[in-house]
Amino acid sequence: MTSDPEHIQADNVKRFDDAAADWEEKPLRVALARKVAEAIQQAIPLSGTMRVLEYGCGTGMVSRTLSPHVAHITAVDTSPQMLQVLSEKAGEEKIVNIETLAHDLTSKPLPVNDFDLVMSSMTLHHIPDFKALLHHFFAAVKPGGYLAVADLVTEDGSFHDDNSGVAHYGINPETIRSIMSANGGLDIAVKEIHTIDKQQGGDATRRSYPIFLAWCRKA
Ligand SMILES: C[S@@+](CC[C@H](N)C(=O)[O-])C[C@H]1O[C@@H](n2cnc3c(N)ncnc32)[C@H](O)[C@@H]1O
């Protein structure tokens with residue numbers, strides 16, 4: 001793990017571009033995305049009028065699952081290859097309400113008060129200053145709209161085979177709760193929604209990695 005933000009960002013673009021074509025070959029990833037989409041559906045009252053932003057969408061597994069339940073999704077990522085795979089899969093699945101955008105919100109803001117829901121899954125631990133990122137999420141959400149972020153609970157650094165591009169070994173969900181509170185979030189909730197079990201670490205023992213969803217409403 002490097003702590004230099006520019007290196008982390010460069011590592012991430014390369015790492016995820018390289019991984020894009022086979023991203024959905026791992027059943028653990030597909031199962032996780034399904035759980036995140038289900039948990040968001042349970043937590044947030046989705047409707048056919050909602051405009052949604054997914055940040056760090058990857059191949060769009062969460063967005064593609066939720067797309068029938070909302071009006072429009074802007075799927076944002078910094079990896080052009082991830083977005084390319086998303087577009088191909090959305091085309092095969094006849095999904096017409098997802099638009100892709102290659103954009104880094106950590107260096108350039110998006111229009112304010114534009115979305116009914118901003119959601120993100122398994123991306124915050126790749127972002128050095130996720131507190132600033134959440135602040136940008138709040139700015140992008142309309143008053144009364146929703147934020148939902150899922151990520152790995154703090155771990156010992158064994159989750160990834162390769163920690164290049166990893167800015168944090170998981171995240172303490174209570175930190176997300178306090179950031180949401182500091183941004184004026186209402187009805188803040190945090191829940192463990194899934195556990196990834198895999199053989200991992202130098203000793204290749206079987207380990208469990210909990211995943212949380214934190215959500216709230218913008219005042
Ligand atoms: C672990 S993947 C998760 C992808 C997807 N959300 C999923 O659950 O399958 C993290 C994603 O975040 C993207 N990412 C990393 N840093 C980013 C940044 N600064 N801005 C936007 N996306 C970023 C990566 O390209 C990658 O697609």
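Scanning segment 114-130 turns up no residue that is loosely packed, with under 15 Cβ neighbours inside 10 Å and more than 13 Å from the ligand (Cβ to nearest atom).
Residues in segment 190-198 include none that are over 26 Å from Ala10 (Cβ atoms), buried (at least 16 other Cβ atoms within 10 Å of the Cβ) and touching an Asp or Glu at 6+ places or on another chain (Cβ under 6 Å). Taking the criterion of being closer than 21 Å to Leu46 by Cβ, more than 17 Å from the chain's Cα centre (by Cα) and of a type in the set (Gly, Ala, Ser), the residues of segment 69-117 that qualify are Ala71, Ala90. Out of the residues in segment 140-189 meeting the condition of being on the phi > 0 side of the Ramachandran plot and part of a loop (DSSP other than H, G, I, E, B), tell me which one is nearest to the ligand (Cβ to nearest atom). So, considering only residues that are on the phi > 0 side of the Ramachandran plot and part of a loop (DSSP other than H, G, I, E, B), the one nearest to the ligand (Cβ to nearest atom) is Gly165.
Filtering segment 59-95 down to residues that are in contact with an Asp or Glu (Cβ under 7 Å, 6 or more places away or on another chain) and in contact (Cβ under 8 Å) with a residue 60 or more places away in the chain, which residue is surrounded by the fewest Cβ atoms within 10 Å (Cβ to Cβ)? By that ranking, first place goes to Pro80. Among the residues that make up segment 201-219, is at least one of them in contact with a Cys (Cβ under 7 Å, 6 or more places away or on another chain) and more than 21 Å from Leu105 (Cβ to Cβ)? Among the residues of segment 201-219, not one is in contact with a Cys (Cβ under 7 Å, 6 or more places away or on another chain) and more than 21 Å from Leu105 (Cβ to Cβ), which makes the answer no. When Gly144 is tested against the conditions (1) surrounded by fewer than 18 Cβ atoms within 10 Å (Cβ to Cβ); (2) at pLDDT 95 or above; (3) farther than 25 Å from His72 by Cβ, the lone failure is (3).
When Val141, Val166 are checked against the criterion of being farther than 30 Å from Gln200 by Cα and in contact (Cβ under 8 Å) with a residue 40 or more places away in the chain, a single residue qualifies: Val141. Summed over segment 162-176, the residues that are of a type in the set (S, T, N, Q) and more than 29 Å from Ile188 (Cα to Cα) give a count of 2.
Does Pro173 count as touching a Ser or Thr at 6+ places or on another chain (Cβ under 6 Å) and of a type outside the set (S, T, N, Q)?
Taking the combined requirement at face value, the residue does not satisfy it.
Remark: pairs (first residue in segment 13-33, touching a residue at least 24 places away in the same chain (Cβ under 8 Å); second residue exposed (fewer than 12 other Cβ atoms within 10 Å of the Cβ) and not in a helix (DSSP H, G or I); Cβ separation under 9 Å; 6+ apart in sequence or on different chains) = Arg15/Asp162; Leu28/Asp197.
Close contacts from segment 122-138, counting a first residue that is modelled with pLDDT of 95 or more and in a helix (DSSP H, G or I) and a second that is more than 10 Å from the ligand (Cβ to nearest atom) and basic (Lys, Arg), with Cβ to Cβ under 8 Å and a gap of 6+ residues or different chains, come to Phe138/Lys218.
The values are calculated or read from the model by the stated rules, or taken from the named source; none is laboratory data. It should be emphasised that the depicted structure is a prediction, and the values quoted were computed from it without experimental measurement. Ideal geometry is used to build each Cβ from the backbone, glycine not excepted, and the neighbour counts take in all protein chains shown.
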